[in-house]
1. Mind giving me the FRET efficiency for Arg102 and Ser31? R0 is 30 Å, r the Cβ-Cβ distance, nearest 0.05 is fine.
2. For Ala60 and Ala40 in the same chain, what is the full-extension length gain: residue separation times 0.36 nm, less their Cα-Cα distance, in nm?
3. When the dipole is taken about the Cα centre of the chain, and only Lys, Arg (+1) and Asp, Glu (-1) are charged at their Cβ, what size is it in debye, to the nearest 20?
4. Please report, in cubic angstrom per residue, the volume enclosed by the convex hull of the alpha-carbon atoms of the chain.
5. What does the helix-only formula give at 222 nm for the chain: each DSSP H stretch with n ≥ 4 adding -39500 (n - 2.57), the total divided by the residues, and the result rounded to the nearest 500 deg cm²/dmol?
6. Could you grab the Rg to Rh ratio for region 60-116? Cα atoms only, Kirkwood for Rh.
7. Of Leu80, Leu11, Leu47, which has the most accessible area and how do the rest follow, probe 1.4 Å?
Amino acid sequence: QVQLVESGGGLVQPGGSLRLSCVASGSIFNSFAMGWYRQAPGKQRELVATIGRDTITTYADSVKGRFTISRDNAKNMVYLQMNSLEPEDTAVYYCNKFGATRENYWGQGTPVTVSS
């Protein structure tokens with residue numbers, strides 16, 4: 001059974017920080033690189049950060065230097081530490097395997113709102 005449960009979102013002021021968490025089923029976590037995605041209102045879902053099973057990471061240019069992705073293999077958890085948040089970061093954030101498409105299962109996501 002596929003499981004993707006995101007948490008940690010909320011309302012934060014510009015310049016603030018949040019740490020998102022995701023627990024994934026082993027069938028996904030152990031077989032694929034993982035990623036954090038986000039979908040802002042009226043926009044398509046975009047890939048924000050990825051982490052391989054070898055812990056090599058990649059980031060979208062818009063979040064590079066501000067966001068950090070990490071994983072805990074013992075807990076099947078993926079994290080996204082978000083610092084220096086900007087209003088443009090407002091979106092619903094999802095975790096999934098790298099390369100996931102709309103045909104794949106997606107969790108409910110966790111909403112992040114950056115506003116003063």
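The values are calculated or read from the model by the stated rules, or taken from the named source; none is laboratory data. Worth saying up front: this structure is predicted, and the values here are computed from it rather than measured. Glycine gets a Cβ as well: all are built from the backbone with ideal geometry, and neighbour counts include every protein chain shown. Ligands, DNA and RNA are stripped out before the accessible areas are found, and what is left, the full protein with its side chains, is counted by its heavy atoms. Shrake-Rupley method; radii C 1.70, N 1.55, O 1.52, S 1.80 Å.
1. For Arg102 and Ser31, the calculated efficiency is 0.90.
2. Length gained, Ala60 through Ala40: 5.7 nm.
3. My answer is approximately 160 debye.
4. 91
5. -500 deg cm²/dmol
6. 0.98
7. Leu11, Leu47, Leu80
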